[in-house]
Amino acid sequence: MLVQGFGELLYWVSWGLLLFSLFAFVDSVIRREDAYRAANKQTKPFWMIILGLAAAVNFFMGIMSFLPIIGLIATIVYIVDVRPALRQISGGGRGWPRGRGSSSDGPYGPFNGGR
């Protein structure tokens with residue numbers, strides 16, 4: 001009973017890691033290439049390859065292997081370091097402002113009509 005419960009726990013942890021790495025991969029795909037350069041991070045293809053490999057390793061290998069741990073570390077680095085920098089550069093990436101400024105704000109601050 002205990003071994004079966006541990007096996008089920010590992011099954012759900014493996015699914016969680018797969019979903020986590022897939023989320024990071026999809027997020028890296030939808031970000032703009034110039035945002036990576038502006039944030040002074042590695043290139044977009046670099047992160048797409050690393051996170052795609054992490055997702056593939058999590059899908060094909062068990063959690064008790066060494067490679068999924070490396071993929072998890074790469075995914076955590078992307079989520080904790082790269083993604084916030086990209087979101088800051090690209091303005092959140094959601095397509096709407098997050099309460100910053102008004103409709104009369106220009107790219108360099110508020111428009112005051114030449115006053």
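The values are calculated or read from the model by the stated rules, or taken from the named source; none is laboratory data. Please read all numbers here as calculations on a predicted model, not as lab measurements. Neighbour counts run over all protein chains shown; Cβ positions are idealised from the backbone, glycine included. Ligands, DNA and RNA are stripped out before the accessible areas are found, and what is left, the full protein with its side chains, is counted by its heavy atoms. Shrake-Rupley method; radii C 1.70, N 1.55, O 1.52, S 1.80 Å.
Results, tabulated for the structure shown:
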| quantity | calculated |
| --- | --- |
| Residue within segment 29-42 that is modelled with pLDDT of 90 or more, closer than 30 Å to Trp12 by Cα, within 17 Å of the chain's Cα centre (by Cα) and of a type in the set (Phe, Trp, Tyr) present | no |
| Residues that are within 17 Å of Arg83 (Cβ to Cβ), open to solvent by 50 Å² or more (accessible area, probe 1.4 Å) and among the hydrophobic types (A, V, I, L, M, F, W, C), drawn from segment 41-62 | Phe46, Met48, Ile49, Ile50 |
| Pair list, Cβ < 9 Å and 6+ apart or interchain, from segment 59-78 residues that are in contact (Cβ under 8 Å) with a residue 12 or more places away in the chain to residues that are exposed (fewer than 14 other Cβ atoms within 10 Å of the Cβ) and in a helix (DSSP H, G or I) | Gly62/Leu10; Ile63/Leu10; Ile63/Tyr11; Ile63/Val13; Ile63/Ile69; Met64/Leu10 |
| Subset of segment 55-90 [assigned to a helix (DSSP H, G or I), more than 19 Å from Ile30 (Cα to Cα) and aromatic (Phe, Trp, Tyr)] | Phe59, Phe60 |
| Neighbours by Cβ (under 7 Å, 6+ apart or cross-chain): first from segment 23-36, open to solvent by 70 Å² or more (accessible area, probe 1.4 Å); second among the small types (Gly, Ala, Ser) | Arg32/Ser90 |
| Residue selected from segment 1-22 under the condition under 20 Å from Phe60 (Cα atoms) and open to solvent by less than 60 Å² (accessible area, probe 1.4 Å), by the criterion nearest to the chain's Cα centre (by Cα) | Ser21 |
